[in-house]
Amino acid sequence: MTSIGTGYDLSNSVFSPDGRNFQVEYAMKAVENGGTSIGIKCKDGIVLAVEKIINSKLLVPGKNKRIQTIDKHIGVVYSGLLPDGRHFVNRGRDEAQTFKSFYKTPISVPHLMDRLGIYVQNYTCYNSVRPFGVVSIVGGIDDDGPHLYMIEPSGACWGYTGAATGKGRQTAKSELEKLDYETITVKEAVKTAAKIIHQAHEDNKDKDYELEISWISLEETKGRHEFIPEDLLAEARKFAEEEDEEDEEEEEDDEEMES
Amino acid sequence: MFRNNYDNDSVTYSPTGRLFQVEYALEAIKQGSAAVGLVSKSHVVLAALKRNAEELGSYQKKIIKIDDHMGVALAGLAPDARVLSNFLRKQAMSSKMIYNRPLSTSKAVLSIADKAQENTQSYGSRPYGVGLLIAGYDETGAHLYEFQPSGSVLEYYGAAIGARSQAGRTYLERNLDTILETDSVEELIVHGLNALRDTLSQDVELTFKNTSVSVVGKDSDFKIYDDEEVQQWLDKLDSVSNARNRAGDDDADDNNENQETTEETTTTTEAATTEEASNDDNANEATDAPAEDRMETDE
C-alpha cells in the first residue's frame, strides 16, 4: 500500500497530494469483511436480504436482527461495523420523523437519501470524527414507486436496481446482473435473494449463517416494510440449498464426463 | 523503534479497516474478573467472581441492580460500569414515569450501546472499558444480552466475559441443551456457578466472599445473593474449585478415586490446554496485524 508511511492516512479530512482521503478508503475496508447484504428493486417493490454469520452457538437464533426500519415504508440493511449501522439508522429515523412532523406527509425515499448522504459526508470533513464504517442499502416505496439506494462511507449515494455489499459482494453482483428487473416480482425476488446470499456465502463456508429477508410491496405488505413470513423464509432457504445441491451435482457430472 | 501509528485514538482507521483503540477497550474487559450469565425459558441467572485489591480490602461489587426486573454483571473498569448503570436506572425510572411500564430489556441495552458507539466515532472521548451482561425479564420473557464497548449488543442463551471467560463459554456450550430445558431455577444457578468455576485460576476457590449470584424471572424480582446468602448455592456444587486443579489433587492424594472422574478431568484439562493454545493464537494474531502495518511502513 503506497498510502502507508506518507503521513496522509493518519487523520480524517486530510487530502493526499494526489487528492485521496485515505481514512475514507480504510473505512471501506471495514465493510469489505462484513456479512453480505443485498437489495433488489422489483417491478412491484423492494426485497432486502442479509447473511448473518453465526459466531457462537450460544447466540439466540432469530434475534439480533440486522435489517431495520427507518420509517413505515423504508427499510435498510448494512454491512460493516454494526454499531455504526445503528447510528446511521437512528439518524434516518430522526430525519423521517422531523420531515413528517413538519410537512405532515411521509418522507420520499430520494429526499431521505439526500439528507442521509449529507450526514454521512459530514463525517469525512473533520479530523474530530471518523467516517462511517458501513455501506447501507436503503429501499422503500413512495408515491413514485419503489426506490433502492446504496450509500458509502464517503457519503456517495447512488440509485440501484440491484445492490450488494460486504464480503461476498462480487459473487452477489454478478448474480444480480443476471436478473430481469422489468418483470421480477417481490415474491420471486425473495427466493432469488436467498439463493444469492447462499452463493455469496460459499467464500465463507467454514461458518454457518442465518438468513434474514424483508420486503416492501403494495400488494404483499400494503407498502410497509416488513420481515417476510416465517414459512416463506424457510421455503426460500430450502430453495436456495436445493439449487446449490443441483449445481454441485451438475459440476460433479461434468467432472465425471471430463475424466 | 517501530510504532503502530493507527492506535492513538478511536477516530483513525488502520489500513485494514480496524479501530485499534476500540479493540484495546475490548481487552480491558479481559483484565476484569469473570462474569457469566445464562437463561432458561423463564429466568435469567448472573454469576460473577469478585476480587479484592488486598487481603483486608473489601470485594469489588460485580452485579448491579437496575430495576425490579433488570440487572447487570460487569467485567472491566467498574467506574465505567457505574456510569452506564446509572444511565440505565434513569432510563428505567423515566419509562415507569412516562409510559407507566417497565423498561424493555432490548430498549435498555440499545440505549447504552448507542451511547458507547458515540465514543468510538468522535475525538476527545475514549470508548468505555467495560463489558456488561444485562439480564432482564419483561413482557417478551427472559433475556440475556452482552454489551461491548464497541457499541455492539447481542442476545445470548449463555455468555461469559472477563478473565479466562473462554472456559466458561465452553461449559455453557456443552450444557446448552440441558440449560434451555430446565424449569428449575436452582439447576440454572448451579450451571452458572459451574461455568464460573471453570474460569477460576489455580489456587482460587469459589467462596461465599468472592461469589455473587443474581436471579430474575417470572414472578421473581431481581435479587442479588451476596456473602452468607450465596452459601446455600455453593453448597449445591459438587466442588468449588476448578476441574483442572482437581486433576492434580487426584493424582497426589487419591489414586483409587473412581476412574470416571479422573477421565473426565483429563479431558477437561486437554480442552483447557487447547483453549489456552487458541487464546495464544488470537493473541498472536492481534499483535501480528499491527506488525504487518509496521512492516509496510518501513517500505
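Miscellaneous remarks
- Restricting the calculation to alpha carbons of chain A gives Rg and Dmax of 19.4, 70 angstrom.
- Computed P(r) (all Cα pairs; region B:20-241; 5 Å bins; percent): 1, 8, 16, 21, 20, 16, 11, 5, 2, 0, 0
- Counted by Cβ distance under 14 Å from residue A:97, the other residues give a net charge of +3, where Lys and Arg count +1 and Asp and Glu count -1.
- When the helices of chain A are scored as -39500 (n - 2.57) per DSSP H run of n ≥ 4 and the total is divided over every residue, the value at 222 nm lands at -13000 deg cm²/dmol.
- Cα gyration tensor, region B:97-160 - rounded (a/c under 1.5), prolate or oblate: oblate
- Compactness index (Cα Rg / 2.2 N^0.38 Å), the protein assembly as shown: 1.05
- Of interest is the spacing of the C-alpha centroids, which for region B:158-205 and region A:23-68 amounts to 31 Å.
- Low-density loop positions, trypsin sites (Lys or Arg not before Pro), region A:169-259 - DSSP coil, at most 14 other Cβ in 10 Å: A:178, A:205, A:207, A:222
- Across all Cα atoms of region A:1-147, the radius of gyration (one decimal) and Dmax (whole number) stand at 17.4, 53 Å.
- Whole-Hz couplings from phi, Karplus 6.51/-1.76/1.60, listed for region A:43-59; x for Gly and Pro: 4, 10, x, 10, 10, 10, 9, 9, 9, 9, 6, 8, 8, 8, 7, 7, 5
- The alpha carbon convex hull volume per residue for region B:167-211 rounds to 61 Å³.
- Hz values of 3J(HN,Hα) by residue in region B:215-220 - Karplus curve (6.51, -1.76, 1.60), Gly and Pro given as x: 9, 9, x, 4, 6, 9
- If only the Cβ of Lys and Arg carry +1 and only the Cβ of Asp and Glu carry -1, the dipole of the protein assembly as shown around its Cα centre is close to 4260 debye.
- Take every pair of alpha-carbon atoms less than 8 Å apart whose residues are at least six positions apart; their mean separation over the length of chain A yields a relative contact order of 26 percent.
- Inter-label distance, nm, simple model (7 Å from Cα along the C-beta direction), residue B:184/residue A:10: 6.2 nm
- Region B:173-240 shape via C-alpha gyration tensor axes, a/c threshold 1.5: oblate
- Square roots of five times the Cα gyration tensor eigenvalues for region B:12-140, Å: 26, 21, 14
- Over all other residues within a Cβ to Cβ distance under 10 Å of residue B:171, the charged ones net out to +1, with Lys and Arg as +1 and Asp and Glu as -1.
- Across peptide A:25-32, the average count of Cβ atoms from other chains found within 10 Å of a residue's Cβ is 4.
- Relative contact order for region A:1-61, counting Cα pairs under 8 Å that sit 6 or more residues apart, in percent: 17 percent
Laboratory data are not the source of any read-out in this text; all were calculated from the coordinates shown. Since the structure is predicted, the reported quantities are computational estimates derived from the model, not experimental observations. With ideal geometry, Cβ positions are generated from the backbone for all residues, glycine too; neighbour counts draw on all protein chains shown.
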